[in-house]
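A short worksheet on the structure shown next.
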Amino acid sequence: MQVLTTTVARVLFALPFGIFGFFHFANGSAMAGYVPSFIPGGVLWVYLTGLALVLACISIIIQKYMKWSCMMLAVMLALFILLIHLPGAMAGNEASVPAFLKDLGLTGGALTYAGLAKD
């Protein structure tokens, strides 16, 4: 049971971030529209956040710099909530509400793992 609640749980938490990161690279130009218009750089931010997601995934799986990467992941997810999902939901975009809730839960998970990390 210990392996299930530690190793398996950690890997299951980390893997979607790696997949989301690869989606950022595969669909960068399509995702550039999600970058708020007041932030210059467009697609560059999509690729940069994709790289951050992949690196966070690796860090969490191998447990190196996990506290730092989970804290930075939580900050990035909170920025997604504030800059993308919340404005979308307030504008009436129904697809923004599930994304808001997903990232809210993942932010909590990232903060939890940052608190549990030993490094």
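Some notes on this structure:
- Each residue of the range 82-87 is assigned a 3J(HN,Hα), and the resulting list reads 6, 9, 10, 6, 5, x Hz, derived from the Karplus form 6.51 cos²θ - 1.76 cosθ + 1.60 (θ = phi - 60°), x at Gly and Pro.
- These residues, TRP45, TRP68, go from largest to smallest accessible area, 1.4 Å probe, as TRP68, TRP45.
- Placing a pseudo-label 7 Å from each Cα along the Cα-to-Cβ vector at ILE62 and SER29 gives an inter-label distance of 3.3 nm.
- Set of lysines near LYS118 by C-alpha distance (under 21 Å), chain-local residues within fewer than 8 positions excluded: LYS64, LYS67
- Per residue, the chain exposes 61 Å² of solvent-accessible protein surface, assessed with a 1.4 angstrom probe and all protein chains in place.
- With all protein chains in place and a 1.4 Å probe, the accessible surface of the range 1-111 carries 77 percent carbon and sulfur.
- Dipole magnitude of the chain, debye to nearest 20 (Cβ charges: Lys/Arg +1, Asp/Glu -1, about Cα centre): 320 debye
- Counting only protein heavy atoms and using a 1.4 Å probe, the accessible area of ILE81 comes to about 20 Å².
- Here the contact order of the chain, divided by its residue count and restricted to Cα pairs under 8 Å and six or more residues apart, works out to 25 percent.
- Between SER37 and ILE19, the distance separating the two model label sites (each 7 Å from Cα on the Cα→Cβ line) works out to 3.4 nm.
- Cα→Cβ-extended label distance, 7 Å offset, between LEU12 and LEU116, nm: 1.1 nm
- Measuring r between the beta carbons of LEU51 and LEU4 and using R0 = 41 Å, the FRET efficiency lands at 0.85.
- Comparing mean-square fluctuations of SER69, SER37, SER59 from a GNM of the chain with C-alpha springs under 10 Å, the top value falls on SER37.
The values are calculated or read from the model by the stated rules, or taken from the named source; none is laboratory data. These numbers come from a predicted model, not from an experiment. Don't worry about glycine lacking a Cβ; one is built from the backbone with ideal geometry, like all the others, and counts go over all protein chains shown. We work out accessible area using only protein heavy atoms, side chains counted, and drop any ligands, DNA or RNA first. Shrake-Rupley method; radii C 1.70, N 1.55, O 1.52, S 1.80 Å.
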